[in-house]
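The values are calculated or read from the model by the stated rules, or taken from the named source; none is laboratory data. Quantities reported herein were computed from a predicted structural model and do not represent experimental measurements. No Cβ is skipped: glycine too gets one built from the backbone with ideal geometry, and neighbour counts run over all protein chains shown. Accessible surface is based on the protein model in full, side chains and every heavy atom, while ligands, DNA and RNA are left aside. Shrake-Rupley method; radii C 1.70, N 1.55, O 1.52, S 1.80 Å.
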Amino acid sequence: MLKIWQSVSVAALLAAAVSTAQAADTITVVGWGGNWDKAYKEGVWDKYTEQTGTKIVQEEWGGELAKVRAQVQSGSVTWDVVSPEAPSVEIGCAEGLFVPLTPEITGDPAKYHPGTIMECGVASDTWATILAYNADAIPGEGPKSWADYFDVEKFPGKRGMLSQAQYTLENAMMADGVAPADVYTELRKPGGVDRAFAKLDTIKPHVVWWSSSTQAMQNLASGEVVMTDQYNARVTNDIVNEKKNYKIVWDAGFFYGTDMWAVVKGSPNEKAALELLKWFSIPENQAGFSKLYAYGTGRVEAAEYVPAEWLKNLPTSPDHAKYGATYDTQFWVENKEALEARFKAWLAQ
Amino acid sequence: MSSGGTRTGHRARRQNLLMAAMVVPLVLFIVFIFLWPVARFLWLAVDNSDMSANLSRTFAAIGDWRPADGPPPEPVLAALVEDLAEARANGRDGILAQLVNQRLVGTRYLVIKTAKAASEGKFDMRPVGEALLAAHSGWNNPALWTELIRASGAVTDYYLLGSLDLQRSANGGIERVPADQAVFLDALLRTVWISIVVTVICAVLAIPLAQAIVSAPPSWSRLLFALVLFPLWTSLLVRTVIWIIVLQKNGPVNAALVFTGLVPEPLTLIYTRFSLYIAMVQVLLPLMVLSLVSVMRRVPTSYMKAALSLGAPWITAWRRVQLPLIMPGILAGAAIVFVFALGYYITPTLVGGPGDQMISSYIAFYTNTTLNWGLAAALSVQLLLILLLAALLFWTARALTRRRGALA
């Protein structure tokens with residue numbers, strides 16, 4: 001009997017040892033799916049696996065912080081590293097869902113673009129919501145500014161717009177003549193938000209609202225809309241891969257936002273995950289993503305490793321950065337719920 | 001005699017026990033996998049413990065003080081500093097800040113920064129009041145204290161009221177929220193209305209279709225049945241997105257309309273209530289057909305023939321003979337379609353217009369994006385109540401048709 005128990009416990013110990021060894025060698029990384037995940041795999045993760053032997057399993061999500069909260073609260077964390085949007089990282093960090101990162105992991109915070117490093121996260125990708133138009137539908141002189149975008153006399157045809165307050169209010173303010181850098185100062189003033197909604201009122205009948213970027217690009221391709229707001233890489237992707245005649249109007253002004261890599265608190269592979277982020281903080285390593293996908297990353301020097309011709313497609317390129325401003329995470333963390341509710345009420349009127 | 005009776009009793013009891021043993025796993029499964037988690041989530045609609053527990057000292061210190069009496073007194077602020085420092089030590093300051101911000105927008109960072117400073121001992125000197133208000137003047141705001149006092153209980157009606165576009169007024173009564181924030185009541189009515197319309201369209205389309213399937217020769221019947229089932233094997237998302245392509249401005253439907261000269265220029269078909277109905281009916285129709293076919297198969301064709309041969313016009317015969325007989329199928333199908341339709345949100349998001357969003361999309365938004373599970377739970381309670389009401393109506397309707405059947 002004793003023998004049986006001995007062999008059972010030895011087997012259990014072995015199994016435990018094997019599973020921890022496996023666990024340490026595999027990190028589950030959750031990204032935004034599709035070409036985004038593909039670019040990360042080919043440009044970044046494969047290289048890491050090659051150098052360290054650590055395997056990386058990719059999973060896909062839509063940025064739902066609720067899924068992280070459910071894992072942490074139930075104590076069964078299966079995701080190690082996730083990529084939420086910056087406001088979600090801010091909320092999750094304050095709630096204790098993510099592991100705080102030290103400069104030892106991230107490197108010197110001063111070497112990052114503004115807004116691309118936070119207490120619990122470093123940029124996985126910096127994207128911009130830009131003005132794009134279909135040059136087949138608008139031959140000749142195209143729109144030059146967000147004011148043109150709101151001018152249906154000058155440029156007839158429907159406009160695509162993301163059906164949420166975040167990003168849309170900013171575009172409305174720019175159309176009303178506010179420079180990107182001043183948009184949040186104006187929005188925070190009493191009546192600032194009303195001003196944005198009043199501007200949106202002027203274009204409401206001419207808008208086709210979208211909720212997924214695939215849908216928005218389909219609308220642009222089919223002629224349902226002649227211009228649209230969009231994440232820049234989606235437009236670049238169609239220009240490069242499908243030879244579409246689309247134009248991005250960078251100098252109309254744009255906002256850039258950031259998704260962040262964050263380590264889930266309670267992850268069984270926390271140490272390995274932090275190692276991964278430490279490796280990722282080296283500019284050359286994170287540039288692997290930007291080379292394949294037209295989004296920037298956090299470290300300023302990463303641009304040096306991206307071919308000049310391709311760099312022109314990134315929101316963080318020196319050519320464009322001067323027209324852009326960063327989304328104000330604090331503004332949206334505090335106002336998101338109230339403004340989205342108001343936006344939905346406005347939309348349904 | 002008596003011994004025989006006991007033996008049968010034993011056997012019956014053993015059988016009962018066996019039956020019970022067979023049912024127990026199912027009951028346990030339903031309770032632990034379904035009822036318990038749902039009940040726990042719905043409890044969040046009234047749960048206020050994160051607020052009341054993390055600010056317990058503050059609420060105790062507030063006592064009878066009201067913002068109208070003047071600035072917050074020293075004991076209240078001292079208790080607040082203690083509470084916030086402890087919340088930060090326990091990692092609860094984030095959730096507390098989020099809850100306070102829900103009540104009064106723009107206070108999130110005030111709570112987080114104060115908690116951080118409190119835990120670093122910045123307010124250890126007494127009295128704390130002046131230092132606290134100097135560093136974080138937001139605590140001078142009477143509106144914030146009014147909201148906090150209102151949120152002091154272990155349970156709250158805040159979310160349930162909010163889900164009905166209601167709020168507490170300054171004097172504690174219940175009032176409607178400002179018009180530009182009122183969204184849920186409209187969305188709720190819209191959800192019910194869309195579900196009813198979809199159910200009716202499905203019923204009207206499914207009755208002739210099911211009749212054709214039942215009446216056709218077996219080989220045709222099988223083929224028709226397969227065609228009805230076919231869409232069920234395709235993913236919901238694909239079936240929905242296809243409609244965008246079919247109905248878009250330069251899509252096949254508009255091309256055909258313009259080509260035949262029926263309309264001078266392409267119509268706006270997609271992103272409207274019309275396209276939403278089409279997409280939802282297409283997805284839900286098979287469910288209605290299935291439940292109708294199973295009932296119609298059991299109705300002998302001789303009844304209709306008898307009614308017709310007795311001289312009743314076809315429409316009268318159908319209405320008075322066939323319709324009551326297939327009514328259980330219609331009711332069962334309608335119940336399924338209605339319940340499914342109530343929970344739709346992907347389809348309205350993708351093919352509906354801005355005024356066609358249904359209540360589930362709001363639940364998903366508050367659950368996933370802003371983590372306001374209290375409001376999400378309150379909206380779920382509404383949906384559940386509508387579901388129960390609908391179930392009651394269907395049950396009554398069924399009982400009525402049964403009784404009429406029995407009387408006839």
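Laid out as a table, the results:
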| read-out | value |
| --- | --- |
| Residue match in the stretch B:267-276 (condition: farther than 20 Å from B:LEU229 by Cα, part of a helix (DSSP H, G or I) and either touching a strand residue (DSSP E or B) at 6+ places or on another chain (Cβ under 9 Å) or open to solvent by 60 Å² or more (accessible area, probe 1.4 Å) (or both)) | yes |
| Selection count where residues are more than 12 Å from B:GLY129 (Cβ to Cβ) and either touching a Leu at 6+ places or on another chain (Cβ under 7 Å) or open to solvent by less than 10 Å² (accessible area, probe 1.4 Å) (or both), scope the stretch B:63-85 | 2 |
| Positions within the stretch A:203-227 being open to solvent by 20 Å² or more (accessible area, probe 1.4 Å), out of contact with any Gly (no Cβ under 8 Å at 6 or more places or on another chain) and not in a helix (DSSP H, G or I), in sequence order | A:SER211, A:SER212, A:GLY223 |
| Residue match in the stretch B:142-162 (condition: open to solvent by 30 Å² or more (accessible area, probe 1.4 Å), under 30 Å from A:GLN349 (Cα atoms), part of a loop (DSSP other than H, G, I, E, B) and more than 14 Å from every other protein chain (Cβ to nearest Cβ)) | yes |
| Matching helices (runs of 4 or more DSSP H) fully within the stretch B:299-408 where at least 3 residues are open to solvent by 10 Å² or more (accessible area, probe 1.4 Å) and under 30 Å from A:PRO87 (Cβ atoms) | B:346-351, B:359-364, B:373-407 |
| Residue count, the stretch B:120-141 (criterion: in a helix (DSSP H, G or I) and not hydrophobic (A, V, I, L, M, F, W, C)) | 5 |
| All positions within the stretch B:232-260 that are modelled with pLDDT of 90 or more and over 14 Å from A:SER222 (Cβ atoms) | B:ALA256, B:LEU257, B:VAL258, B:PHE259, B:THR260 |
| Residue within the stretch B:126-135 that is at pLDDT 95 or above and either of a type outside the set (Gly, Ala, Ser) or touching a strand residue (DSSP E or B) at 6+ places or on another chain (Cβ under 7 Å) (or both) present | no |
| Matching residues, the stretch A:164-185, being surrounded by fewer than 18 Cβ atoms within 10 Å (Cβ to Cβ) and in contact with a helix residue (DSSP H, G or I) (Cβ under 9 Å, 6 or more places away or on another chain) | A:GLY177, A:ASP182, A:THR185 |
| Filtered residues of the stretch B:168-193 (kept if out of contact with any strand residue (DSSP E or B) (no Cβ under 6 Å at 6 or more places or on another chain), within 14 Å of another protein chain (Cβ to nearest Cβ) and open to solvent by less than 70 Å² (accessible area, probe 1.4 Å)) | B:PRO178, B:ASP180, B:ALA182, B:VAL183, B:PHE184, B:LEU185, B:ALA187, B:LEU188, B:ARG190, B:THR191 |
| Those helices (runs of 4 or more DSSP H) lying entirely in the stretch A:243-349 with at least 1 residues open to solvent by less than 20 Å² (accessible area, probe 1.4 Å), more than 14 Å from every other protein chain (Cβ to nearest Cβ) and at positive phi | none |
| The stretch B:109-130, subset within 21 Å of A:THR329 (Cα to Cα) and among the basic types (Lys, Arg), residue most open to solvent (accessible area, probe 1.4 Å) | B:LYS113 |
| Test result for B:SER294, under 38 Å from the mean Cα position of the chain (by Cα), part of a helix (DSSP H, G or I) and closer than 18 Å to B:SER195 by Cα | no |
| Residue list for the stretch B:167-178, restricted to those being under 23 Å from the mean Cα position of the chain (by Cα) and either of a type in the set (A, V, I, L, M) or in the same structural domain as B:ALA143 (by TED's automatic domain parsing) (or both) | B:VAL177 |
| One residue from B:ALA68, B:ALA117, B:ALA79, B:ALA87 being in a helix (DSSP H, G or I), within 14 Å of chain A (Cβ to nearest Cβ) and among the small types (Gly, Ala, Ser) | B:ALA87 |
| Residues satisfying the stated conditions in the stretch B:32-55, i.e. small (Gly, Ala, Ser) and either open to solvent by less than 60 Å² (accessible area, probe 1.4 Å) or farther than 30 Å from B:LEU80 by Cβ (or both) | B:ALA39, B:ALA45, B:SER49, B:SER52 |
| Filter result (facing chain A (nearest Cβ under 9 Å) and either within 27 Å of the chain's Cα centre (by Cα) or open to solvent by 20 Å² or more (accessible area, probe 1.4 Å) (or both)) within the stretch B:94-108 | B:ILE95, B:GLN98, B:ASN101, B:GLN102, B:VAL105, B:GLY106 |
| Evaluation of B:LEU383 against (1) within 14 Å of chain A (Cβ to nearest Cβ); (2) closer than 19 Å to B:LEU161 by Cα (one fails), failing number | (1) |
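Residue by residue, here is whether (1) open to solvent by less than 10 Å² (accessible area, probe 1.4 Å); (2) away from every other protein chain (no Cβ under 14 Å) holds:
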position	(1), (2)
A:THR54	no, yes
A:VAL57	no, yes
A:SER88	no, no
A:ILE91	no, no
A:PHE98	yes, no
A:MET118	no, no
